[in-house]
1. Dipole of the stretch 351-465 (Lys/Arg Cβ +1, Asp/Glu Cβ -1, origin at the Cα centre): which of Ala372, Leu455, Ala418 lies farthest to the positive side?
2. Under a point-charge model restricted to the Cβ atoms of Lys and Arg (+1) and Asp and Glu (-1), what is the dipole moment magnitude of the chain relative to its Cα centre, in debye to the nearest 20?
3. Specify which residue in the list Gly475, Leu148, Gly174 is farthest towards the positive end of the charge dipole of the chain, using unit charges on the beta carbon of Lys, Arg (+1) and Asp, Glu (-1), about the Cα centre.
4. Excluding residues fewer than 8 places away in the same chain, name every one of the aspartates and glutamates whose C-alpha is closer than 19 Å to that of Lys156.
5. Using a 10 Å cut-off on Cβ atoms, rank the peptides 43-51, 70-78, 281-289, 212-220 from the highest mean neighbour count down.
6. Return the carbon/sulfur percentage of the accessible area of the chain, one whole number, probe 1.4 Å, all protein chains in place.
7. Which value, in debye to the nearest 20, gives the size of the charge dipole of the stretch 1-127 about its Cα centre, when Lys and Arg are +1 and Asp and Glu are -1 at the Cβ?
8. Determine, for each peptide in 113-124, 145-156, 357-368, 174-185, the mean count of other beta carbons within 10 angstrom over its residues, then list the peptides with the highest first.
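The values are calculated or read from the model by the stated rules, or taken from the named source; none is laboratory data. Since this is a predicted model, take the numbers as computed values, not measurements. Here Cβ is always computed from backbone atoms with ideal geometry, including for glycine, and neighbour counts include all displayed protein chains. Ligands, DNA and RNA are excluded from the accessible area calculation, which covers all protein heavy atoms including side chains. Shrake-Rupley method; radii C 1.70, N 1.55, O 1.52, S 1.80 Å.
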Amino acid sequence: MEISPLQKARYSYQPKLPGILCSSITAIEAEYGSPMESQCDQSAIAADFPCTYPLRSVRFKLGRNDLAQKTFTVAVILSGGQAPGGHNVIAGLFDACKKANPANRLLGFLGGPSGLVDGAYIEITSDLIDSYRNSGGFDIIGSGRTKLETTEQFEKVTKVCSENGVNSIVIIGGDDSNTNAAVLAEYFRANKIAINVVGCPKTIDGDLKNEAIEASFGFDTASKTYSELIGNIERDANSAKKYWHFIRLMGRSASHIALECALETQPSICLIGEEVEARNMSISDIADYVASIVALRGNNGENFGVCLVPEGLIEFVPQFKALILAINDVLAANEAAFNALESLDQKRSFVSAKLEGINAEAFNSLPAFVQAQLVSDRDPHGNVQVSKIETEKLIIDMVETKLKAMKKAGAYNGKFSALSHFFGYEGRCAFPSNFDADYCYSLGYNAFLLLANGLTGYISSVKNLKAPAASWIAGGIPITSMMNMEMRNGALKPVIKKALVELDGKPFKHFAAMRQAWAEKTSFTYPGAIQYWGPSEVCDRTTITLALEH
Ligand code: FBP
């Protein structure tokens, strides 16, 4: 296979580890904290996880661990959307496995959770992993979004593991995938099956975080990649001075990516879904706000600008939130009839006829392309696929109408020519930044330590990330402590609670203090491409979100 000069050079990058993990594996011991309760719905979580709730937090310290000498056959899967650094999680896991005992084996199951169910795997060898170190993508073993929830699936996984001598599983994934990890860990414990399961916090969305998980991996690289592109567009806008660019950014529900990119690039406008909900803003209020800034700039002769739109915005607009829940109910109650319909037009009409009252009104007021996107398939976890809803186009349409009215009323004398963009898939497989390369390698290495200490139902935790890697703190927290109950596919289910943008958190407060100035006077900043070699303040910088939060 032909490889690029950058890829070749990145093979030799040696990721940094937390100081404690540099010791011999048999000298790393788990120190236990107190049992961790979930933040809410404790009795429901306790009922669903009788064997793995509550568990104690863990931090590694120097000591003695004889268990690490046993022979491990570890199964690893990559699950959910791609995020830069996944290959390094596997590299860290592989290196720790082999360092503990060269007879240990690492099996990479193909295509996500379904690989575990179907028994499709390859053995990870040193030659194989060496050709993926510090590279982006999940292509070493692929990924998928299958939800593990039925007894039939669990029995198949058990059979596959027993046929292949697997005694440990590592699930690298986001909130839904780590929910899978917790459910599987509980199943094995409850059925006295000697297989331990741990998770690793992945997602570019940045919504899998708490005190012990300061960042999910991939957020750093993805938001820096989008910021580079936004900066380039800002410079183009500031050169030509004739377009407004509306840029929708991935991130699913939470607006962390949009907020981080705004802090990096200082656009004219950035919408934040969580604020829209807190202010109870309608879609028309949002369009009013955007139009007021376009008019303010246009009246000053600046007929250009950049507006960032988080892809999950629509789910936070109260009228749409209610509408999406109502559509989910219609789909859950009429699954067979709905799935039998062939065209999107038939599906739109079907849903429209089943909706009632204000939900029907809201749905019917939307352009056909948004209606079609709202009724299109949910993912296997029951989530609306917000990456397919073109909110930025809806906002452009509405702003155009508002500006026409303002012009008529003499309140606006500029020109509005808008272009739309969507940045999502462009950032998910980028070469990991040095931060993500180090962090991911550490998460994988640390995941093995959790298994080597006999733990199950934990997520790998590496924290104190603002400090140099040598001072990072390694350990684990029980996945069940991160859960709450949510409606999924028409039923209440235990799932990991998403961490949304906190309006009283430092990143949002900083943005809110600056945004009017950025709107009134062009203040764009141009972050440029991620750098892998050069001054540390350029190459090893974390995200502004992480720097402000910790
Ligand atoms: P995860 O939550 O699995 O990490 O996925 C992140 C994400 O990139 C979201 O930002 C986006 O909405 C979604 O995946 C797109 O999913 P798909 O890859 O299935 O189109």
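1. Value computed over the given set: Ala418.
2. 660
3. Gly475
4. Asp118, Glu186
5. Order by mean packing, descending: 212-220, 70-78, 281-289, 43-51.
6. 51
7. 520
8. 174-185, 113-124, 145-156, 357-368
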